[in-house]
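Derivation of every value follows stated rules applied to the coordinates shown; laboratory data play no part. In this text, all values refer to a predicted model and were calculated from it rather than measured experimentally. Here the Cβ is made from the backbone with ideal geometry for all residues, glycine too, and neighbour counts use every protein chain on show.
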Amino acid sequence: MMDRESLATSRFNCSVRERALFEAGIKMGTVYHQFVGTPVDKDGVEALEAAMVKSICSQPYVESASIHIDRNVFGRSLDRYSYFSLTGEKIDAVVRIKIQGISVTAEMRYDPEIGYPLMFVSNIEEQPQS
């Protein structure tokens, strides 16, 4: 009987490079679609960033992840109403995926020229298999 990794690999009709790109896209989609709308305030922003990283890193093939939420939205008020609902425009994310010597770095950040929280592949590295 095949192990889980071999079974999963057998389902993909693409190259390892294409699979690594696919996995990076899945992780970026998780960052956006799982967390946009989450209420956050000054006291909870670091915990939310850490939870987002932990969530992404629990998925297969993630080598590293970093999340930064723009704190400029909080202003000066510190009362019970001083929170906002997280939007894609306020998230900077970097996720690195590695599968069989192929590393993909994907990022998400607000692009003011486009007016959109853009997800993109910023780097692909292929290490020779020995």
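Principal-axis analysis of the Cα atoms of the chain puts helix 16-35 at an angle of about 20° to the longest axis. In the chain, helices alone account for a calculated mean residue ellipticity at 222 nm of -10000 deg cm²/dmol, with every DSSP H run of four or more residues adding -39,500 (n - 2.57).
Here the dipole of region 15-125 is about 200 debye; that uses its Cα centre as origin and unit charges on the Cβ of Lys and Arg (positive) and Asp and Glu (negative). For the pair region 48-78 / region 115-130, the C-alpha centres are spaced 19 Å from each other. Taking only the Cα atoms of region 15-125, the radius of gyration and Dmax are 15.0, 53 Å. Between the Cα long axis of helix 45-57 and the first principal axis of the chain there is an angle of about 10°, rounded to the nearest 10.
Taken along the Cα-to-beta-carbon direction at a fixed 7 Å, the label points for Glu46 and Tyr32 span 3.0 nm. Between Pro60, Pro112, Pro39, the Gaussian network model of the chain with springs among Cα atoms under 10 angstrom shows the greatest mean-square fluctuation at Pro112.
Modelled label positions at Gln127 and Cys57, each set 7 Å beyond Cα in the direction of Cβ, lie 1.9 nm from each other. Take Val16, project a point 7 Å from its Cα along the Cβ direction, then tell me which residues of region 93-130 have their backbone nitrogen under 14 Å from it. Flagged as within label range: 98-104, 125-130.
Are there trypsin sites (Lys or Arg not before Pro) in region 1-109 that DSSP marks as loop and that have at most 15 other Cβ atoms within 10 Å, and which are they?
Taking region 1-109 and a limit of 15 other Cβ atoms within 10 Å, the loop trypsin sites (Lys or Arg not before Pro) found are Arg11, Lys42, Arg76, Arg80.
Taking a straight Cα-Cα cut-off under 29 Å and skipping sequence neighbours fewer than 8 places away in the same chain, the lysines within cross-link reach of Lys42 are Lys27, Lys54, Lys90.
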